[in-house]
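The values are calculated or read from the model by the stated rules, or taken from the named source; none is laboratory data. Predicted model only: the values in this text are computed from it and were never measured. Positions of Cβ are backbone-derived with ideal geometry, glycine not excepted, and every protein chain shown enters the neighbour counts. Keep in mind that these areas ignore ligands, DNA and RNA; they rest on the heavy atoms of the full protein, side chains included. Shrake-Rupley method; radii C 1.70, N 1.55, O 1.52, S 1.80 Å.
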Amino acid sequence: MYTTFYNLREEPFRLTSDPRFFHLSEPHAVALAALIEAVMRRKGFVLMTGPIGTGKTTVVHTALQILSERATTSNPISSAFILNPTLSREEFLETILTEFEIPCTGTSKPARLSALQQMLLDTQRRGGTSLLFVDEAHLLSPQLLEEIRLLSNADTYQEKLLQIVLCGQPELLGILRKPEMRALRQRVAISCSLRPLNLTEVRAYVTERLRSAGFRGAVSLFPTQVLQEIVRLTEGVPRLINLLCDACLTNGYKARRSVIDLLTVEESASELGLHEAQIELANEGNGAGSASMTGGAEGARDAEIGSALDRLVQAMKKRSAFVPAGDEVHPEMSIKKQVAVAVNAMQEKDPVGNKIIESAVDVLVQAMKLHRTSSVEL
């Protein structure tokens, strides 16, 4: 509706995990580096936490695309996504087999575990990596957490066969601090935390998304005082920033305002109920600390790692023109299916981009190997 008025190619603040709009702020850079390191070096367990709307799923989606870009027939990535972990033990195991596309004629637990183990071994023998991603992990029951711990025992003498990513809200840390979770806690190799963005990061975030959507204007659509108000109203949470900025552009278009002003922000915030949401956040004490990664934060801030990550993200954005048309990628597709379709199309149409991404990933991996990582202490 407002894209033509503001000279945009598409809507810049959609609530999707599109890697083309991924902005490499400090907390997201740390988390992205942690995920890639954990998977490619087969660390086993990685834990990612953050308040609602800080971009956890977007980081995972971007990491999967980067890993898929580098994967070949001799180094495949086999992934499974559990997006709703409120399951029984039987349902959880059945979902894993379905996600990994593992055929299993037996319905008993031993038969299913045997089929899973065989798939993990086959993938490992082909030089591949198996990845299990569990979203909303703070909702996992103690029984399922124990089941996941037992699954993590699948390994060879040299390495872990299954890479597991637990992604959830900060209360997941409290759950893992419980004495009965000690065995699982000790298996976490890398942990990272996302946090809300500060004013400087929000300015870069908004600017990057606008440019990714085609904006090339000399004057910013969101002046500094407007961004300050957006930070205050959203507490720096990316999802709320997206909602508010999208509403501002919609209302700005209706009022024919070429630049967003404070009145537009206030009108949009009232429509979204952000004033009430801000009170709730204050009452909950929803203040996350700065980004942290046990054993890997120091390395992620290293200039070489930051440069490699930036090259990766920018290379993916430059290839946005090669993303399949809307009739090929559908919202109802699973995350791994969407990534696979997009990556296959881009690799076929942009061989130069393939070389750039492969080189950047290799540099990133080598830089990470120089930095020592240690187990998390919760």
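Restricting to helices (runs of 4 or more DSSP H) lying wholly in the stretch 128-202: which have 2 or more residues that are within 19 Å of Gly44 (Cβ to Cβ) and not aliphatic (A, V, I, L, M)?
Those helices (runs of 4 or more DSSP H) span 142-151, 182-185.
Can you find even one residue in the stretch 52-64 that is over 13 Å from the mean Cα position of the chain (by Cα), over 22 Å from Met181 (Cα atoms), open to solvent by less than 60 Å² (accessible area, probe 1.4 Å) and in contact (Cβ under 8 Å) with a residue 12 or more places away in the chain?
So far as the stretch 52-64 goes, no, none of its residues is over 13 Å from the mean Cα position of the chain (by Cα), over 22 Å from Met181 (Cα atoms), open to solvent by less than 60 Å² (accessible area, probe 1.4 Å) and in contact (Cβ under 8 Å) with a residue 12 or more places away in the chain.
Applying the selection to the stretch 156-195, what residues are in contact (Cβ under 8 Å) with a residue 12 or more places away in the chain and open to solvent by 70 Å² or more (accessible area, probe 1.4 Å)?
Once the filter is applied, which keeps residues that are in contact (Cβ under 8 Å) with a residue 12 or more places away in the chain and open to solvent by 70 Å² or more (accessible area, probe 1.4 Å), the stretch 156-195 yields Glu171, Arg177, Glu180, Gln186, Arg187.
Cβ contacts < 8 Å: first residue under 19 Å from Leu24 (Cα atoms) and of a type in the set (D, E, K, R), restricted to the stretch 205-224; second residue modelled with pLDDT of 90 or more and part of a loop (DSSP other than H, G, I, E, B), any location; separation 6+ or different chain. Result?
That search, which allows pairs on different chains as well, returns Arg209/Pro12; Arg209/Phe13.
Quick check on the stretch 225-238: of everything there that is open to solvent by less than 50 Å² (accessible area, probe 1.4 Å) and either assigned to a helix (DSSP H, G or I) or free of Cβ contacts under 8 Å to residues at least 12 places away in the same chain (or both), which residue is farthest from Pro27 (Cα to Cα)?
At the first step, the residues of the stretch 225-238 found to be open to solvent by less than 50 Å² (accessible area, probe 1.4 Å) are 226-227, 229-231, 233-234, 236-238.
Next, only the ones that are either assigned to a helix (DSSP H, G or I) or free of Cβ contacts under 8 Å to residues at least 12 places away in the same chain (or both) stay: 226-227, 229-231, 233-234, 238.
Details: Val226: 23, Leu227: 20, Glu229: 22, Ile230: 19, Val231: 17, Leu233: 20, Thr234: 17, Pro238: 12 Å.
Within the stretch 225-238, the match that is farthest from Pro27 (Cα to Cα) is Val226.
Scan Phe21, Phe5, Phe45 and give me the residue that is under 26 Å from Leu145 (Cα atoms) and among the aromatic types (Phe, Trp, Tyr).
Selected residue: Phe45, the only one of Phe21, Phe5, Phe45 that is under 26 Å from Leu145 (Cα atoms) and among the aromatic types (Phe, Trp, Tyr).
Mind checking which residues of the stretch 101-120 are at pLDDT 90 or above, surrounded by 12 or more Cβ atoms within 10 Å (Cβ to Cβ) and in a loop (DSSP other than H, G, I, E, B)?
Correct list: Ile102 only.
Please pick out the residue among Thr58, Thr98 that is in contact with a Phe, Trp or Tyr (Cβ under 7 Å, 6 or more places away or on another chain) and assigned to a helix (DSSP H, G or I).
Working: Thr98 fails: in contact with a Phe, Trp or Tyr (Cβ under 7 Å, 6 or more places away or on another chain).
Result of the check over Thr58, Thr98: Thr58.
Among the residues that make up the stretch 6-26, is at least one of them buried (at least 24 other Cβ atoms within 10 Å of the Cβ) and among the small types (Gly, Ala, Ser)?
No, because not a single residue in the stretch 6-26 is buried (at least 24 other Cβ atoms within 10 Å of the Cβ) and among the small types (Gly, Ala, Ser).
Looking at Thr49 and the list (1) farther than 19 Å from Asp310 by Cβ; (2) open to solvent by 30 Å² or more (accessible area, probe 1.4 Å), which single condition is not satisfied?
So the condition that Thr49 fails would be (2).
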